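Shown next, in structure tokens, is the structure this report addresses.
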Amino acid sequence: MNKAVRKAIIAGNWKMNQTQAQTKALIEEMKPLVKDADCGVVLCVPYTDLAAAIEATKGSNIKIGAENCHWANSGAFTGEISAQMLTEMGVEYVIIGHSERRQYFGETDVTVNQRVRAALDAGLTVILCVGETLEQREQGITSELVAMQTKIALGGVSAQEMEKVIIAYEPVWAIGTGKTATAEQANEVNHTIRETIGALYGESVAEKTVVQYGGSMNAGNAEELLAQPDVDGGLIGGASLKAKDFSVIVAAASK
Ligand code: PEP
């Protein structure tokens, strides 16, 4: 497998943080710090911050994403946002299947697949999250589980559409906990994901697919994680709310 055929992507996940004013200020601080990045830079922000983030990043190398979208184009789904609504306002990326959505909001592999389909149909690039809980890791089912999550989420997605799919391996036990997977653990599961893509779509699609790691990645551990052959960037929660830390991670991915 040849890492040179893929460009790393560092994506922030702000979760339910930042007002519009804070969004503007944080992006202004980040822009000069990441402007020379030799990797993709994406910030996924709350719906209410999207317009401010798009405005603040105009003319920069930072792309904006949402943190979820619904599977229908419109309809009686109070409180939801469709993929088309996002693309119309200039959003380019969307996180789908984050473990916090799965854990707190009833997200299943099937609804993840429906949302992936809707996002791709609307022209968004999907950051698809998969990953095991600590219990599942201890049961020794990480590989099977992550492969299954990946396969179900990608049902009905063509090889060509995979150009707009990024997969983020996020062990649930490492998200927001300060516990990071070791570089070897991250690489091993990312490799399993790439093999799963290879089985579904063939070697050349697998080689080109960006597979990120996410889970307490920070300025101190990013370099080692990102140096792994199957780790093509990161999905960053806490550290994406600190301009300097985020820019250190972007610099590590640019090496
Ligand atoms: C995340 O929210 O996707 C994440 C990886 O969070 P953190 O970096 O804070 O663990």
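Since every read-out is calculated from the coordinates, none of them should be taken as a lab result. Note that this is a predicted model, so its numbers are computed, not measured. Cβ placement follows ideal geometry from the backbone for every residue including glycine, while neighbour counts extend to all protein chains displayed.
Tabulated results
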read-out: Two-site label geometry, ALA159 and ASP38: point separation in nm, points 7 Å out along Cα→Cβ; value: 3.1
read-out: Antiparallel bridges, percent of DSSP beta bridges restricted to the chain (to nearest 5); value: 0
read-out: Value of Rg/Rh across region 66-190 [Cα atoms, Kirkwood radius]; value: 0.98
read-out: Cα Rg, Dmax (largest Cα-Cα span) when computed across region 130-208, Å; value: 12.9, 37
read-out: Over the chain, volume per residue of the alpha carbon convex hull, in Å³; value: 114
read-out: Mean Kyte hydropathy of -1.0 or more with a Cα span along the axis of at least 24 Å, helices from DSSP in the chain; value: 183-201
read-out: Over region 1-119 - Rg/Rh using Cα atoms and the Kirkwood inverse-distance radius; value: 0.99
read-out: CD proxy at 222 nm, helix term only [per DSSP H run n ≥ 4: -39500 (n - 2.57); per residue of the chain; nearest 500]; value: -12000 deg cm²/dmol
read-out: GNM top mover of GLY123, GLY90, GLY106 - the chain, alpha-carbon springs below 10 Å; value: GLY106
read-out: Prolate/oblate/rounded label for region 158-255 (Cα gyration tensor, a/c 1.5); value: prolate
read-out: DSSP-assigned coil residues among chymotrypsin sites (Phe, Trp or Tyr not before Pro) in region 169-255, each with at most 10 further Cβ atoms within 10 Å; value: none
read-out: Label-point separation, LYS242 to ILE152 (7 Å along Cα→Cβ), nm; value: 3.6
read-out: Of SER247, GLN149, TRP173, farthest towards positive along the dipole that unit charges on Lys, Arg, Asp, Glu beta carbons give the chain; value: SER247
read-out: Calculated FRET value between GLU223 and ALA76, using beta carbons and R₀ = 45 Å, to 0.05; value: 0.40
read-out: Among ALA8, LEU128, VAL112 the positive-end extreme of the charge dipole of the chain (Cβ point charges); value: ALA8
read-out: Sequence-distant lysines (8 or more away, or on other chains) whose Cα lies within less than 24 Å of LYS3; value: LYS35, LYS63, LYS151, LYS164, LYS208, LYS255
read-out: Virtual spin-label span in nm between GLU184 and LYS255, 7 Å along Cα→Cβ; value: 2.0
read-out: Relative counts (whole %) of C-alpha pair distances in region 51-111, using bins that are 5 Å wide; value: 4, 16, 24, 22, 17, 11, 5, 1
read-out: Which of HIS191, HIS70, HIS98 has the fewest Cβ neighbours within 10 Å, and the rest in rising order; value: HIS191, HIS70, HIS98
read-out: Sites SER143 and ASN61, calculated FRET efficiency, Cβ-Cβ separation with R0 41 Å, nearest 0.05; value: 0.70
read-out: Estimated FRET transfer efficiency when R0 is 22 angstrom, pair TYR47-ASP121 (beta carbons, to 0.05); value: 0.70
read-out: Sequence-distant residues sharing a close amide H with ILE96 (under 5 Å, placed H); value: ILE127, LEU128, CYS129
read-out: Stretch gain in nm, segment VAL5-THR177, where the contour uses 0.36 nm per residue and the Cα spacing is subtracted; value: 58.7 nm
